[in-house]
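A.B. asks: Starting off with a structure, shown below.
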Number of protein chains: 2
Amino acid sequence: MVNAGNMNGSGNLMDFLDEPFPDVGTYEDFHTIDWLREKSRDTDRHRKITNKSKESIWEFIKSLLDAWSGWVVMLLIGLLAGTLAGVIDLAVDWMTDLKEGVCLEAFWYSHEQCCWTSNETTFEDRDKCPQWQKWSELLVNESEGASAYILNYFLYILWALLFVFLAVSLVRVFAPYACGSGIPEIKTILSGFIIRGYLGKWTLLIKTVTLVLVVSSGLSLGKEGPLVHVACCCGNCFSSLFSKYSKNEGKRREVLSAAAAAGVSVAFGAPIGGVLFSLEEVSYYFPLKTLWRSFFAALVAAFTLRSINPFGNSRLVLFYVEYHTPWYMAELFPFILLGVFGGLWGTLFIRCNIAWCRRRKTTRLGKYPVLEVIAVTAITAIIAYPNPYTRRSTSELISELFNDCGALESSQLCDYINDPNMTRPVDDIPDRPAGTGVYMAMWQLALALVFKIIITIFTFGMKIPSGLFIPSMAVGAIAGRIVGIGVEQLAYHHHDWIIFKNWCRPGADCVTPGLYAMVGAAACLGGVTRMTVSLVVIMFELTGGLEYIVPLMAAAVTSKWVADAFGKEGIYEAHIHLNGYPFLDVKDEFTHRTLATDVMRPRRGEPPLSVLTQDSMTVEDVETLIKETDYNGFPVVVSKERLIGFAQRRDLILAIKNARQHQDGVVSNSIVYFTEDPPEVPANSPHMLKLRRILNLSPFTVTDHTPMETVVDIFRKLGLRQCLVTRSGRLLGIITKKDVLRHMAQMANQDPESIMFN
Amino acid sequence: MVNAGNMNGSGNLMDFLDEPFPDVGTYEDFHTIDWLREKSRDTDRHRKITNKSKESIWEFIKSLLDAWSGWVVMLLIGLLAGTLAGVIDLAVDWMTDLKEGVCLEAFWYSHEQCCWTSNETTFEDRDKCPQWQKWSELLVNESEGASAYILNYFLYILWALLFVFLAVSLVRVFAPYACGSGIPEIKTILSGFIIRGYLGKWTLLIKTVTLVLVVSSGLSLGKEGPLVHVACCCGNCFSSLFSKYSKNEGKRREVLSAAAAAGVSVAFGAPIGGVLFSLEEVSYYFPLKTLWRSFFAALVAAFTLRSINPFGNSRLVLFYVEYHTPWYMAELFPFILLGVFGGLWGTLFIRCNIAWCRRRKTTRLGKYPVLEVIAVTAITAIIAYPNPYTRRSTSELISELFNDCGALESSQLCDYINDPNMTRPVDDIPDRPAGTGVYMAMWQLALALVFKIIITIFTFGMKIPSGLFIPSMAVGAIAGRIVGIGVEQLAYHHHDWIIFKNWCRPGADCVTPGLYAMVGAAACLGGVTRMTVSLVVIMFELTGGLEYIVPLMAAAVTSKWVADAFGKEGIYEAHIHLNGYPFLDVKDEFTHRTLATDVMRPRRGEPPLSVLTQDSMTVEDVETLIKETDYNGFPVVVSKERLIGFAQRRDLILAIKNARQHQDGVVSNSIVYFTEDPPEVPANSPHMLKLRRILNLSPFTVTDHTPMETVVDIFRKLGLRQCLVTRSGRLLGIITKKDVLRHMAQMANQDPESIMFN
């Protein structure tokens, strides 16, 4: 019995007949995978290779190659993701500047590259580099004056519209899945959902190209989220090179988890943060092996990006900062205030954005995606150009806001009134009174803040690639810088106030407004995404010092708490719900007192469960059952509801089709046998169809008294697709993942019909 | 039915009668907990509090306090762990120096503190501080000469023996659990095992005190592992303040995971590394909530330690290093060689140490722990004193080996022949030929290496607190520094060799021997513990730059691969096996083709499974069954092996005892009813005993055809204690965690009887 059993365990499906018919054990599009089954299949494959490897040297080498293929895939992902990120950075740089002018020396140079030879590297002096010509200079030979301004303004808008039109057309025609940030879908895919083509080659290509276009267009969006999608596409493409990953949906997801880490790693230059992001935010099943491989992929990606050196400063990170003063306890108060702001912004953004996206889905608005994108771009460009803080690219803006005002800094934000007697070293500048430039900048920043808040809500979710890390960080950085300058001036002018007295003596450098910007950015990003550890670690990798972790943590925690008070969902979960994906969140706690019997189908009054009997149904009966129902699988029973196994719908269809084509004598009234030893058939009756090999002999069961919290836990941890419900050994019903999700939605007073897929 | 069911789910045990009798649902010492049940109980508790919180303001505040208690515990753990680590550091510093001399100004000053006022801070000049007197100076007024040397030598050994004798006596008398590193046991406890007193107050106190003593004694051991144990003791003590944690073994383990992170955080000053260590190496069940809290605890601990500032340099980390030159591709070859060395050392150490520990367990050696400790200490002290590299404390040694030779460095290791014409800045010293000091140091280091390798094998596992992070790192750092100096001299003398030509021009600073020491330390630590990500992250936090991650990773990966080739177990797993703890490792892959039917009890030929029937057994029958068997629980069946639930042995005993004491009319021939609605009993017959409330109505079942790999997976992921085996609804047998572990040991050709506990 043991041996016979061995041949038939669900995991050993393939052994009876080697690959009995193609596609058995695969899944349909928009369906959920069964993690236990995938794992079982991989163990089988592994076992087969290990056994074979003892046979010959060649097989041994093949087994070694198989064992190493995971690392090879990681290496390839790291290299490609890093390269793509570098290329995107360079292209965005060039095209963003193209909206303003062109380099005469070589048109493929960005403004910065064009002026590298000249020594003016500060923000203000950049414009004075002679090789770089604004469009007005080139076309009408005027660099100042109203008409030149208007011409530049006009061309700026035109370029933006051109870029965006190209992008939205490419997305529509070639790869509809390339739009959005991709993270909600990747989360769903990693949790075990199948969306064919979402991580395909076309998506990779089109998303990379259109990402460059939309980021350059100056829309209020970032490239960080889409980079994760791009990296996952790389992961998917490379994993299809190795049968270990291409034929097993579970193993493939391990690769995708690591790819997501590589994506964040190149987006921020933060490999450890990337791994933690993948672990905390994106991944579903994250074994330790994946942790290690993710780390490897993230590092390779980061180093590839650094050797491409797109920022021209051999720094790994996007926003490298170095502050010269510590923070003081009293400053925790404004930091926490920024956290509250971040939480409120997160709530506001999620609510408004989801409302707008729902409107787009349900009204006529959704029918004109190109028009919508064009309109939003036009509005963005028209409003953004006059304000220097919105005209430049958002990441440059964040970079400037994060920066401390050194002695050599010439930006408007650093226009402080200097003490003429100052003879301090460059690094240690005391707090100074703000000059007119700073006040001017404050006004412009305030306007930019309002503009960014509103336009981001409408931008995220359009049919173009769009990430919201950068816009969220920009909102936070602007707010933080404003607060920081406020506190700084307050401390300068009111040294004697009790709150400043202890730590801020006249002539000391007490307040670093750049740090406030950074804290604000972390708070806003935390409010929108509800990231915690990975957020702090990413920020830590940006600053490179443990010194500022406490302010960052204080803000991140506050922002999460404030935002959670208004609704537990982060933006990604909200979009997953909006789209009705079957995503069973690990973070949700299910605390209701329902039992399995309340959730299982059939409900009371419904027709009984559709089952197959093990030795009495004909092929036609089975086909009728398949045709009349749309269940994904059927329990197989002996008489009296005594369960013996479970057969997947897809496997049944494929098996019967295959038998009818290739097996002689199998006709409509052949008996289907799921038993181990079918009886001898009389000579004149039709051949029987033996289907034990597609039968899962270890279906998962729970009793009807099992609390739903346990059932939810089992579904989550084991990644089940369905689970049978029994009482004292008798089959009562079935619970699918969709039933669980529907029930959870119902318990949370949401519409259970919002869960759309299986 | 739904409502009745609601009252009886395993999770709702407490609702029927509020706390029906004490201790129900608790576990015995040396038994395994049931994670699903603990989780269920916590959800119940949470639900109750949430419901109550709507009743009054006071209940609402109580529910808020309950929600915050997790953070409070983390804060307390961080504060106490940081403080203890700081105190230990200061005490070790003082007592290590006490072996050599005393500060005249104030005897409680360590050598360094004593000489803080004078300006000589380098290693060599330290001895010249007049306030600090060696014992020979103080006692016989001689500082040089043979007799002074012998006196100092003698007193050094005497102090060491005194410290160690004190330590081993304290451990034996007050807290036998305080010995060893504690990490194997903590891993086992976190996986759901109960060892009462292992994390108690006495253990905390005695381990802290004895740790100071043994580290000061100069034995080849470190304080890092024991610090994790100390932090976990803090975690356990604080968690007993809150009923949320003290009454739920599952929740308590969440706190312990975070405490382990705090322990590593203070051991190395690496909070992120600490969290990853807890995640990768120690923890079993690590939900995201715990990740976030661990991070908080680790940060608080690190900052507490920093404000105590035991190293006197306001650095957070134990070995702060700053290198001035990058590494070159060609150097990867020696780095990988160091990785191979680390792997070999790991294998050698684990094999020899386990063999020695087994001998200690099985032979008469184990009966004289005090003598053993004294002997090892005496040998260590006698051999260590003459060699300056073994005389000083191991962490000082590592620190010196990691350091780059700056221009001001006066250590023997930096005795290079300087070019008299050199006018370079201090930071950028070119490679120079080695002087006699360096050659001398090389010899001494080689001797120290051999000594450390041998003595560490005998030291780890003695009945005193002992960690092996520091000795492992020392072995690696010595080997690395030797290799580094070798490569450096090779590169200096043979610029023209093809391997150096490309990157090492004459007069350039090509090779940093300190970096080799660091890489070697990482490799050796990796070989012994098989840590990967956390190791690299800890090292990254030590250096603070991404620059050197690639060498570290290369060495760590190589070392892991080499060591894994000789045996998959790290030192902690090996010690877990040695002690026979029931630890189901998440990392082990189970790939054999056995089925549940092969593992379940009863085996073929054994007497049938002991079961309870739901409505036909008397109290006496049940008591007899309990007395005659030693199973942890019994399935409850209707007739014909139709399972309805599972009752824990401990709960049965407690319930019957309670009923006999407090419930009238319950006598030996009372019928025990597990059914929902027991029939009316005739007036003259004894009262019945209703035990449905201790019945788990949702016992976990699998079919007999379930592959064991799936069963192992279920046990791991759901943290089960036992699982019932059925076929077509009929109960066939039971599989306990111990059965699973035994089966795994058998399949791996190990002795299945090595698993000793339940």
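A.B. asks: Taking only the stretch B:386-412 into account, find how many residues are modelled with pLDDT under 80 and in a helix (DSSP H, G or I).
C.D. replies: Matching residues across the stretch B:386-412 total 1.
A.B. asks: Check A:PRO551 against each of (1) more than 14 Å from every other protein chain (Cβ to nearest Cβ); (2) in contact with a Leu (Cβ under 9 Å, 6 or more places away or on another chain); (3) not polar (S, T, N, Q) and name the one condition it does not meet.
C.D. replies: Of everything listed in (1) more than 14 Å from every other protein chain (Cβ to nearest Cβ); (2) in contact with a Leu (Cβ under 9 Å, 6 or more places away or on another chain); (3) not polar (S, T, N, Q), A:PRO551 misses just condition (1).
A.B. asks: Quick one: B:ALA659 ticks every box in (1) closer than 13 Å to B:LEU724 by Cβ; (2) open to solvent by less than 30 Å² (accessible area, probe 1.4 Å); (3) more than 10 Å from every other protein chain (Cβ to nearest Cβ) bar one, so which box is it?
C.D. replies: (1)
A.B. asks: Taking B:ASP615 as the residue in question, decide whether it is closer than 26 Å to B:ALA745 by Cα, surrounded by fewer than 20 Cβ atoms within 10 Å (Cβ to Cβ) and within 14 Å of another protein chain (Cβ to nearest Cβ).
C.D. replies: Criteria not met by B:ASP615.
A.B. asks: Of (1) out of contact with any strand residue (DSSP E or B) (no Cβ under 9 Å at 6 or more places or on another chain); (2) within 11 Å of chain A (Cβ to nearest Cβ); (3) modelled with pLDDT of 85 or more; (4) open to solvent by 30 Å² or more (accessible area, probe 1.4 Å), B:GLU676 satisfies all except one. Which?
C.D. replies: Just one mismatch for B:GLU676, condition (3).
A.B. asks: For the stretch B:658-690, which residues satisfy the criterion of being closer than 27 Å to A:SER728 by Cβ and not in a loop (DSSP other than H, G, I, E, B)?
C.D. replies: Within the stretch B:658-690, B:ALA659, B:ILE671, B:VAL672, B:TYR673, B:LEU689, B:LYS690 qualify.
A.B. asks: Sticking with this structure for a sec: Tally the residues that are more than 8 Å from chain B (Cβ to nearest Cβ) and β-branched (Val, Ile, Thr), restricting the search to the stretch A:704-758.
C.D. replies: Count: 8.
A.B. asks: Within the stretch A:568-604, restricting attention to residues that are more than 20 Å from the chain's Cα centre (by Cα) and more than 14 Å from chain B (Cβ to nearest Cβ), which residue is most open to solvent (accessible area, probe 1.4 Å)?
C.D. replies: Per the stated criteria, the residue is A:ARG601.
A.B. asks: Read through the list (1) within 27 Å of the chain's Cα centre (by Cα); (2) over 30 Å from A:SER393 (Cα atoms), then give the number of the only condition that A:ALA517 fails.
C.D. replies: Going through (1) within 27 Å of the chain's Cα centre (by Cα); (2) over 30 Å from A:SER393 (Cα atoms) one by one, A:ALA517 breaks only (2).
A.B. asks: With the requirement that a residue be in a helix (DSSP H, G or I) and of a type in the set (Ser, Thr, Tyr), what does the stretch A:579-599 give you?
C.D. replies: The one that is in a helix (DSSP H, G or I) and of a type in the set (Ser, Thr, Tyr): A:THR597.
A.B. asks: Which number in (1) farther than 21 Å from A:ASP564 by Cα; (2) within 14 Å of another protein chain (Cβ to nearest Cβ); (3) of a type in the set (Gly, Ala, Ser) marks the one condition that A:GLY526 misses?
C.D. replies: A:GLY526 satisfies all of (1) farther than 21 Å from A:ASP564 by Cα; (2) within 14 Å of another protein chain (Cβ to nearest Cβ); (3) of a type in the set (Gly, Ala, Ser) except (1).
A.B. asks: Being surrounded by 23 or more Cβ atoms within 10 Å (Cβ to Cβ), part of a helix (DSSP H, G or I) and modelled with pLDDT under 90 narrows it down to one of A:VAL537, A:VAL528, A:VAL511, so name that one.
C.D. replies: Matching residue, one of A:VAL537, A:VAL528, A:VAL511: A:VAL537.
A.B. asks: Quick one: which of B:VAL450, B:VAL370 is modelled with pLDDT of 90 or more and under 21 Å from B:SER181 (Cα atoms)?
C.D. replies: B:VAL370
A.B. asks: So A:VAL557 clears everything in (1) aliphatic (A, V, I, L, M); (2) within 11 Å of chain B (Cβ to nearest Cβ); (3) over 20 Å from the mean Cα position of the chain (by Cα); (4) open to solvent by less than 10 Å² (accessible area, probe 1.4 Å) except one condition, right? Which one?
C.D. replies: (4)
A.B. asks: Find all pairs meeting these conditions: Cβ atoms under 8 angstrom apart; at least six residues apart or on different chains; first residue within the stretch B:486-497 and in contact (Cβ under 8 Å) with a residue 60 or more places away in the chain; second residue aliphatic (A, V, I, L, M).
C.D. replies: From residues that are in contact (Cβ under 8 Å) with a residue 60 or more places away in the chain, the pairs are B:VAL487/B:VAL511; B:ALA491/B:VAL511.
A.B. asks: Then there's this: Cβ-Cβ below 6 Å, separation at least six or inter-chain, first residue in the stretch B:247-266 and farther than 25 Å from B:PHE303 by Cβ, second open to solvent by 10 Å² or more (accessible area, probe 1.4 Å) and of a type in the set (A, V, I, L, M, F, W, C): which pairs?
C.D. replies: B:GLY250/B:TRP35
A.B. asks: So, one more: Only one residue in B:ALA298, B:ALA267, B:ALA302, B:ALA261 is within 12 Å of chain A (Cβ to nearest Cβ), within 27 Å of A:VAL557 (Cα to Cα) and touching a Phe, Trp or Tyr at 6+ places or on another chain (Cβ under 8 Å). Which one?
C.D. replies: B:ALA261
A.B. asks: Another question, then. What number of residues within the stretch A:26-41 are open to solvent by less than 10 Å² (accessible area, probe 1.4 Å), assigned to a helix (DSSP H, G or I) and farther than 18 Å from A:LEU654 by Cβ?
C.D. replies: So the answer is 1.
A.B. asks: Scan the stretch B:561-578 for residues that are in a helix (DSSP H, G or I) and within 19 Å of B:GLY225 (Cβ to Cβ) and report the count.
C.D. replies: Total satisfying the criteria: 9.
A.B. asks: Testing A:GLY342 on (1) over 21 Å from the mean Cα position of the chain (by Cα); (2) surrounded by 20 or more Cβ atoms within 10 Å (Cβ to Cβ), one condition comes back false. Which one is that?
C.D. replies: (1)
A.B. asks: The conditions are (1) away from chain A (no Cβ under 14 Å); (2) among the hydrophobic types (A, V, I, L, M, F, W, C); (3) touching a helix residue (DSSP H, G or I) at 6+ places or on another chain (Cβ under 6 Å), and B:VAL681 fails exactly one of them. Which is it?
C.D. replies: Result: B:VAL681 passes all but (3).
A.B. asks: What about A:GLY480, is it at pLDDT 90 or above, open to solvent by less than 10 Å² (accessible area, probe 1.4 Å) and within 22 Å of the chain's Cα centre (by Cα)?
C.D. replies: No; evaluated as a whole, the condition is false for this residue.
A.B. asks: Can you tell me which residue in the stretch B:707-754 is nearest to A:TYR285 (Cα to Cα), limited to those that are open to solvent by less than 10 Å² (accessible area, probe 1.4 Å) and in a loop (DSSP other than H, G, I, E, B)?
C.D. replies: B:GLY719
A.B. asks: Now a separate question. So for the stretch A:308-329 (the condition being in a helix (DSSP H, G or I), open to solvent by 10 Å² or more (accessible area, probe 1.4 Å) and away from chain B (no Cβ under 13 Å)), does at least one residue qualify?
C.D. replies: Checked the stretch A:308-329: at least one residue is in a helix (DSSP H, G or I), open to solvent by 10 Å² or more (accessible area, probe 1.4 Å) and away from chain B (no Cβ under 13 Å).
A.B. asks: Among the residues of the stretch A:267-288, what is the count of those that are free of Cβ contacts under 8 Å to residues at least 40 places away in the same chain, in a helix (DSSP H, G or I) and open to solvent by 10 Å² or more (accessible area, probe 1.4 Å)?
C.D. replies: The number of residues fulfilling the criteria is 1.
A.B. asks: Scan the stretch A:691-703 residue by residue and report those that are outside any strand (DSSP E or B) and either at the interface with another protein chain (Cβ under 7 Å from one of its Cβ atoms) or on the phi > 0 side of the Ramachandran plot (or both).
C.D. replies: A:LEU697, A:SER698
A.B. asks: Tally time: how many residues in the stretch B:679-706 are of a type in the set (D, E, K, R) and open to solvent by less than 10 Å² (accessible area, probe 1.4 Å)?
C.D. replies: Within the stretch B:679-706, residues that are of a type in the set (D, E, K, R) and open to solvent by less than 10 Å² (accessible area, probe 1.4 Å) number 1.
A.B. asks: Failed condition for B:ILE644, given (1) open to solvent by 50 Å² or more (accessible area, probe 1.4 Å); (2) over 32 Å from the mean Cα position of the chain (by Cα); (3) within 14 Å of chain A (Cβ to nearest Cβ), with all others met?
C.D. replies: (1)
A.B. asks: Moving on. Do any helices (runs of 4 or more DSSP H) entirely within the stretch B:143-246 hold 2 or more residues that are buried (at least 24 other Cβ atoms within 10 Å of the Cβ), and if so, which?
C.D. replies: Because the criterion is at least 2 residues that are buried (at least 24 other Cβ atoms within 10 Å of the Cβ), the helices (runs of 4 or more DSSP H) in the stretch B:143-246 that meet it are B:146-174, B:183-190, B:201-216, B:224-239.
The values are calculated or read from the model by the stated rules, or taken from the named source; none is laboratory data. Being a predicted model, the structure only gives us computed values, none of them experimental. All Cβ positions, glycine included, derive from the backbone under ideal geometry; neighbour counts span all protein chains shown. To get the accessible areas, we keep the full protein, side chains included, count just its heavy atoms, and leave off ligands, DNA and RNA. Shrake-Rupley method; radii C 1.70, N 1.55, O 1.52, S 1.80 Å.
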